[in-house]
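These notes concern the structure reproduced below.
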Amino acid sequence: MEEDLELRALKLRKFMELAALRSQAKAAGSEKNAEKPLSFEEALKIVRENLVERGDEVLDAALEQYPEQAKKIVMILAEKIIKGEIGQKIRGSALMSLFDYLGMPVKLRSRILYYKKGEYKSIEELLRS
């Protein structure tokens, strides 16, 4: 019976030591992250690596139309990607929805082409003739 109590006490002590080590490691990790903030170029590179399906096109249009706000959003997205809070690739439609939700509708340049006699022509050319 005494051995059971000693064994439990020993396990509890080891568990407490492990918990203390884990909390120290987290604190050290957060201090390292706090010491070196990302530059915009680094953040932009991280975000671009995680964009798919015309995401880069949406991001370029957003940076052109809303430069200051889009830079802040890129910084936040990069931090979340680094922390692992965003685990999936970001689709262009999701990025566009994010900007819309934040009150910044991103306008993409679009063209309608038609194919006639082996060549592509724009609707503008069709209406002229």
Selection within the stretch 89-119 - surrounded by 10 or more Cβ atoms within 10 Å (Cβ to Cβ), part of a helix (DSSP H, G or I) and not acidic (Asp, Glu): 92, 93, 94, 95, 96, 97, 98, 99
One residue from 45, 72 being modelled with pLDDT under 90 and either surrounded by fewer than 16 Cβ atoms within 10 Å (Cβ to Cβ) or closer than 30 Å to residue 126 by Cβ (or both): 45
Among the candidates 81, 86, residue that is outside any loop (DSSP other than H, G, I, E, B), surrounded by 12 or more Cβ atoms within 10 Å (Cβ to Cβ) and of a type in the set (Val, Ile, Thr): 81
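If you check 108, 102, 21, 12, which single one turns out to be over 30 Å from residue 122 (Cβ atoms) and at pLDDT 85 or above? Before the answer, list the steps.
On the way: 108 fails: over 30 Å from residue 122 (Cβ atoms); 21 fails: at pLDDT 85 or above; 12 fails: at pLDDT 85 or above.
Residue meeting the stated conditions: 102.
The values are calculated or read from the model by the stated rules, or taken from the named source; none is laboratory data. Predicted model only: the values in this text are computed from it and were never measured. Glycine also receives a Cβ, built like all others from the backbone with ideal geometry; neighbour counts cover every protein chain displayed.
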